[in-house]
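Just so it is clear, none of the values below were taken in a lab; they were calculated from the coordinates. Small disclaimer: the values here were computed from a predicted structure and weren't measured. All Cβ positions, even for glycine, are placed from backbone atoms using ideal geometry, and neighbour counts span all protein chains on display.
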Amino acid sequence: MFRLLSQPCLFLHTLADPNFQSRIASTISRQKWSELKPIIQSSTPADFLRQLFQFDNFDTDLVVSFFKWSQKRCEATFSIEDHVRLFILLANENKYPKLRSLLHTFPKQAEALSISTFCHSLLTVSDNACANIVVFDMLISALVSNGKVDLAFEGFMRAGDYGFKLSVRSCNLLLAALVKNGRTGNVEFAYKEMVRRRIGMDLITFNTVVCGLCKAGKLNKARDVVEDMSIHGVTPNVVTYNTLIDGYCKRGGHKLLSEMEEKGLKYDVVTYNVRIGAMCKSGETRKAVRLVDEMCKRGVNPSHVTYNTLMDGYCKQGSLKAALGVKKRMEKEGKRPNVVTYNVLIKGFSQSGKLEEANRFLNEMLEKGLVPNRITYDLIKEEMMEKGFLPDIDGHLYSDLAVERALVGAFEYGKEHIQNLVAQHHPSFAYHAAGREIFASEIQEAIYGLQVFDKMSMYNNLLSLLHNHSRRRRGIQQIHCHLLLSKPLVNSIISLLVLWNSIIKHYALSRFPQDALSLFKHLSNQRSPFPFDSITYSYLIKACANIKRTDVGSQLQSLSTKAGFDINVHVQTALVNMYADSRYLVEAKKVFDGMPDRNMVTWNVLLTGFVKWSEIAAARAIFYAMPDKNVVSWTGLIDGYTRANRFHEALHLFRMMVAHEGIRPTEVTLLAAFPSIWNAGSLEFCQMIHGYGEKSGLNVLDVRVVNCLIDAYSKSGSIGSAWRIFEEVDDERKNLVSWTSMISAFAMHGMAGEACDCYKKMESKGVVPNSITFLSVMSGCSHGGLLAEGLEYYRKMVDDYGIMPEIKHYGALIDMLGRAGRLEEAEKIALGVAMDETGNVMVWRTLLGACSFHGDVEMGERVARRIMEIERRYGGDYVLMSNIFSAAGRFGDSEIVREMMDARNASKLAGITLSTCRHFLWL
C-alpha cells in the first residue's frame with residue numbers, strides 16, 4: 001500500500017486520511033518497520049514525526065515506538081523542539097515512566113544542548129504550565145544522572161527566569177552530585193537559593209548540604225544548617241549527627257554525641273564507625289577496641305567497615321598480630337573477610353617487609369573466590385613487584401602484571417601471546433606504556449569478571465567505558481586493543497561502526513589526534529574495508545584540523561566525496577573548520593559556498609575562522625549575511641573587534657546584543673568582552689557586567705568571570721570594588737589566577753604592602769605561585785619602595801620554587817635597585833643578562849631611567865652607548881640622555897643629543913590623556 005507514496009506532498013495528503021492513519025498505527029504496533037521505509041524515503045523521519053503530532057487520536061505509545069526506531073535503525077536526528085513536543089505529549093497524558101526514560105537518553109543524543117534553547121522550545125511548544133514544569137524538572141534529574149552537572153546547575157540557576165519550579169527530588173540529586181564533585185561553593189549557593197525560592201526541603205536536602213559543608217571543613221556553617229532544620233519543620237536524624245561527628249572527629253565530637261542523647265537518638269553502626277575511624281587515625285586503637293565492645297553491649301552489630309578500620313589502625317602501628325586477631329574475631333562472628341579486608345592485610349604486611357605473608361593473603365583471597373579490585377593490583381605492583389618480589393599465585397599472575405591488564409585484564413593471556421598478537425594486528429601499540437593506567441580491571445569486570453557473554457551487553461559496556469574515560473588516551477587504547485585482539489562483539493555492522501566511530505571520536509578530540517588517522521588507515525587496509533559513514537569522516541577531518549594537516553584533510557575530502565558525503569552538512573562543516581583554522585580562508589569559503597545546506601554551526605565556524613586571522617571586515621560581512629544569529633555568532637564578532645583593538649566597537653556590539661536583540665550572553669561572551677572593558681577604562685560597563693553576572697549566576701558558575709572582574713575593576717580605577725569581589729569568593733574556588741590578579745591590582749595602584757600581604761595569604765592557603773605572580777609582587781615592591789621585600793621575593797622565586805627569571809623579572813629587579821639608588825648593582829645585573837636584542841634593550845632602558853632620576857651622568861653615558869648599539873630609532877632614549885646632561889649643566893652635550901635625534905630621524909610618541917564621558921572618548 002505504501003508504494004503509491006512517491007512524492008512528499010502526496011504522502012502528507014494521504015496521511016491526513018483517518019483510514020490511512022489507522023493502517024499506519026497498525027503497522028507500527030506490529031513493528032513491521034520494513035513497510036514504513038518507503039514512507040521515510042519519501043520524506044524524513046522528522047517530518048513524519050511532526051505529522052504524527054498533529055493527530056489527537058494517534059496513540060502516544062506508537063509515536064514513541066516510531067521515535068526510537070527512527071533513531072536506532074535510520075540514524076535519524078531530531079531537533080530539540082521535536083524532542084520537546086514528544087516530552088510534552090507524554091507529560092500531558094501522565095506517562096511519566098516513559099517520559100523519564102526518554103529524558104534520560106536525551107542529554108547523550110543532544111551534544112550541543114543548552115538550557116536557554118530547551119526552555120525557549122518548551123515555552124514555544126506548550127502553554128501547559130504544569131506539563132512544562134514536570135518536563136523541566138525531569139530534565140534536571142536526567143542531566144545529573146548523565147554526569148552533566150554544570151548544565152544541571154545552570155538549569156537550577158535559570159529555572160526562575162522561565163517560570164519553572166524544581167521539585168525537592170531534583171534539587172537533592174543536584175546537591176548530591178555537587179558534593180560528589182567537591183563543588184562545595186555551589187552547594188552552599190544552591191542551598192541559599194532553595195531557601196530564597198521557598199523550595200520545600202526535606203531531610204535528604206539538609207543531610208546532603210551538611211555533608212558537603214563538612215567535607216569542605218566549614219563546620220560552623222554546617223552546624224548553622226542543622227540549627228535551621230527546625231525552622232523548616234525537619235528534625236535531624238542519626239545520619240545528620242553522624243556526618244557532623246565525622247567533621248568534628250578531632251574537634252570535640254563528644255559534644256555532638258551528648259546532644260544526640262538529649263534528643264533521644266540512638267547511636268547506630270555508622271556513628272560508632274566514625275568514632276572508631278577517628279581514634280585509629282589518632283593512634284588510639286586500644287580505645288577503639290573498647291568502643292567496639294561497647295557497641296556490642298548496646299546491641300549494635302559491628303560491620304565489615306568496623307573491623308577493617310581496626311585492622312588498618314593496627315597495621316599502621318605495626319601491630320600485625322593484633323590485626324590478625326581482629327580478623328579471627330571477625331570470622332568468629334560470622335563475617336567473611338571481603339576484598340577490603342585482604343587489601344588492608346596485604347598492604348600492612350608488605351609495608352612491614354613481610355612479603356611472603358602478604359602473598360599468602362593474596363592466594364587466600366583468590367581461593368575464596370574474591371575478585372581483586374584496582375587497589376589490589378596497585379598493591380601488588382607498588383608494594384610487592386617494585387620491591388623485587390614476584391607474586392607466586394599458581395600461574396595466575398605473570399612477571400609483568402601491568403602488561404596483562406593493559407589488554408583485557410588479568411587471567412586471560414600470557415605475555416608472549418599478547419605481544420605476538422599485538423605485533424601481528426597493530427605494531428604501533430606500545431603495550432608496556434599502555435599498562436600504566438588502572439583501567440583494564442574495569443574491562444575485566446565489564447566483560448570477563450561479570451561473566452557477561454551476551455554480545456550486545458559487551459558492546460554496550462565498552463561504549464559506556466569509552467564515555468566514562470574519554471579523556472584518558474591509554475584507556476581508549478586498551479579498548480582499542482581488545483577489539484583488535486578479539487572477535488567482533490556483535491554481528492551488526494551498524495553497531496560495530498558506532499563502536500569504531502566512538503574510538504575515532506575520542507582519539508580525534510584527545511591530545512593525540514594522529515591515533516584516529518592511524519586507526520582509519522588500519523581499518524581501510526583490511527581485506528574487506530570497513531564501510532564508514534559521515535560521522536567517521538567528520539571526526540577524521542577534525543583530527544586533521546587539530547594537528548594542522550590540511551594535506552591529509554584534503555585527501556579525506558576526496559574520499560568523502562567519493563563516498564557520497566559531498567553534500568553532507570556535518571562533513572562539509574568539518575572541512576570549513578579545518579581550512580579556516582589553518583588559515584586557508586579561500587578554500588574554506590569555497591567549501592562553504594558549495595554547500596547546498598548550511599546550519600548555524602557552519603556559519604559560526606566560518607565567522608570564527610575569519611576572526612581568528614584578524615580578517616574583521618570579512619567576518620563582519622559574514623555576520624550580517626547570516627540568516628539567524630545566536631550567542632556564539634555575537635561572541636565571535638565581539639572577540640574579533642577585541643583582537644583588532646577596536647574596543648569601543650566591541651562594547652557597542654555587546655550592548656546591541658543584550659539591549660536590542662535580547663540575547664543572553666554566556667560566560668564566554670563576557671570573557672571576550674572584558675579586554676575591551678579594561679582597555680577602554682569603562683567603569684560603567686564593568687559594573688553592568690558585574691550586575692548581570694550576579695543575577696544570572698555566572699559569577700558562581702565560572703571563576704574566570706570573577707578573575708576578569710577583578711582585573712577590569714582594578715584597570716578601571718576601582719581597586720575597592722576589585723577587593724570586595726575577591727573577598728566574596730570562597731577560598732576553595734580561588735585559583736592561582738584569582739590571587740595573581742588581586743596582587744597585580746594592588747601593585748598597579750601602588751599598594752605594595754597590600755600586595756605583599758595578599759601574597760603571604762595565598763602562600764598560607766597552599767597555592768603555588770608562578771612566574772607571573774612573582775612579577776606582580778616584585779612590581780608592587782618596586783613602585784612602593786620595598787626593596788628588601790622585593791629582593792626576598794626574587795630569591796624565593798629562584799631558590800625555593802626553581803623558576804628561571806625572564807626579561808621582565810630582570811627589569812623589575814633593576815627598577816627596584818635603580819629607584820633605591822643602588823645603580824652599580826643594577827648595572828652588574830644588566831651586564832649579566834643574556835637575552836635577545838629586544839630583551840637587552842628593555843633592561844638597559846630601565847637602567848637609563850634610573851640614571852636620569854638620580855642624575856648619574858657617567859653611568860647614563862655608558863648605558864646610552866649600549867642602547868645605541870642595539871637600537872637607534874627610539875626617541876625616548878635621546879630625550880632621557882638629553883635631560884641627564886641638562887640636569888648636570890652640560891647644555892652643549894644636551895643640544896648635541898637633540899641634534900643627533902633629528903639627524904637619525906628618531907621619534908617619540910606624544911603623550912595623550914583619555915577620558916570617557918557619556919559614551920564618547922575625549923582626548
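Quick check for me: using +1 on Lys/Arg Cβ and -1 on Asp/Glu Cβ, what's the dipole size of the range 302-349 about its Cα centre, in debye to the nearest 20? Write down the numbers at each step before the final one.
Working: 9 positive and 3 negative charges, 23 e Å.
Around 120 debye, computed over the range 302-349.
Grab the Cα-Cα distance for residue 548 and residue 228, subtract it from 0.36 nm times how many residues apart they are, and report the gain in nm with one decimal. Could you put the intermediate results ahead of the total?
Values: separation 320, 0.36 × 320 = 115.20 nm, distance 5.76 nm.
Result for the pair: 109.4 nm of gain on full extension.
If you stretched the chain out fully between residue 883 and residue 202, how much longer would it get, using 0.36 nm times the residue separation minus the C-alpha to C-alpha distance? Kindly include the intermediate steps, with their values, before the conclusion.
Working: separation 681, 0.36 × 681 = 245.16 nm, distance 7.60 nm.
So the extension gain works out to 237.6 nm.
Could you sort the peptides 173-184, 761-772 by per-residue average Cβ neighbour count (10 Å cutoff), highest mean leading?
Details: 173-184: 20.2, 761-772: 14.2.
Going by the mean number of other Cβ atoms within 10 Å, highest first, we get 173-184, 761-772.
Note down the nm distance, to one decimal, between modelled labels 7 Å out along Cα→Cβ at residue 511 and at residue 659.
Rounded to a tenth, the inter-label distance reads 4.6 nm.
Please report how far the C-alpha centroid of the range 97-173 lies from that of the range 589-636, rounded to the nearest whole angstrom.
30
Which FRET efficiency value, to the nearest 0.05, is calculated for residue 96 and residue 354 with the Förster distance at 56 angstrom and r the Cβ-Cβ distance?
Values: r = 58 Å, r/R0 = 1.04.
My answer for the efficiency is 0.45.
Using only the alpha carbons of the range 77-160, what is the convex hull's orientation-averaged projected area in square nanometres?
Numbers: hull surface 19.3 nm².
So the mean shadow area of the Cα hull is 4.8 nm².
Give me the percent relative contact order of the range 274-385, please, defined on Cα pairs under 8 angstrom at least 6 residues apart. It would help to have the intermediate numbers written out before the result.
Values: 105 pairs, mean separation 22.2, N = 112.
Relative contact order of the range 274-385: 20 percent.
For the range 176-183, take each phi angle, set θ = phi - 60°, evaluate the Karplus expression 6.51 cos²θ - 1.76 cosθ + 1.60, and give the result in whole Hz per residue in order, putting x for glycine and proline.
Each residue of the range 176-183 in turn: 4, 5, 5, 5, 4, 8, x, 9 Hz.
At 0.36 nm per residue, and after removing the present C-alpha to C-alpha distance, how many nm does the segment from residue 165 to residue 331 gain when stretched out fully? Before the final figure, lay out each step's value.
Numbers: separation 166, 0.36 × 166 = 59.76 nm, distance 5.21 nm.
Answer, rounded to one decimal: 54.5 nm.
Compute log10 of I(q)/I(0) for the range 138-190 with the Debye formula, placing one identical point scatterer on every Cα and leaving out solvent, at q = 0.15, 0.18, 0.24, 0.25 Å⁻¹, to two decimals.
Listed by q, the Debye log ratios stand at -0.34, -0.49, -0.88, -0.95.
Estimate the FRET efficiency between residue 567 and residue 525 by the formula 1/(1 + (r/R0)^6), using the beta-carbon distance for r and 30 Å for R0, to the nearest 0.05.
Details: r = 28 Å, r/R0 = 0.93.
Computed FRET efficiency for residue 567 and residue 525: 0.60.
Taking the highest mean first, how do the peptides 795-807, 593-605, 277-289, 300-312 order by number of other beta carbon atoms within 10 angstrom per residue?
Details: 795-807: 13.3, 593-605: 15.9, 277-289: 17.6, 300-312: 20.8.
Taking the mean over residues of other Cβ atoms within 10 Å, the ranking is 300-312, 277-289, 593-605, 795-807.
So, in nm, how far is label residue 235 from label residue 732 when the simple model puts each one 7 Å beyond its Cα toward the Cβ?
Between residue 235 and residue 732, the label points sit 3.1 nm apart.
For the range 153-244, what is the charge dipole size about the Cα centre, in debye to the nearest 20, if Lys and Arg each add +1 at the Cβ and Asp and Glu each add -1 at the Cβ? It would help to have the intermediate numbers written out before the result.
Values: 13 positive and 8 negative charges, 29 e Å.
Its charge dipole is roughly 140 debye.
Efficiency by 1/(1 + (r/R0)^6): what FRET value for residue 266 and residue 796, r their Cβ-Cβ distance, R0 = 41 Å, to the nearest 0.05? Provide the component values of the computation, followed by the final result.
On the way: r = 55 Å, r/R0 = 1.34.
The computed FRET efficiency comes out at 0.15.
Using the structure shown, list the pairs from 542/562; 521/612; 287/328; 629/715; 562/612 with a Cα-Cα distance above 21 Å, or answer none. Could the numbers behind the result be given before it?
Values: 542/562 19 Å; 521/612 31 Å; 287/328 19 Å; 629/715 32 Å; 562/612 31 Å.
Going by Cα-Cα distance, 521/612; 629/715; 562/612 fall outside the 21 Å limit.
Kindly rank 232-241, 671-680, 739-748 from highest to lowest mean number of other beta carbons found within 10 Å of each residue. Please report the intermediate quantities before stating the final value.
Working: 232-241: 17.2, 671-680: 21.6, 739-748: 24.9.
Going from most to least packed, we get 739-748, 671-680, 232-241.
Over 22 Å between Cα atoms, which of 297/327; 221/734; 148/505; 734/765; 266/321 qualify?
On the way: 297/327 20 Å; 221/734 19 Å; 148/505 19 Å; 734/765 10 Å; 266/321 33 Å.
Cα-Cα > 22 Å for 266/321; rest within.
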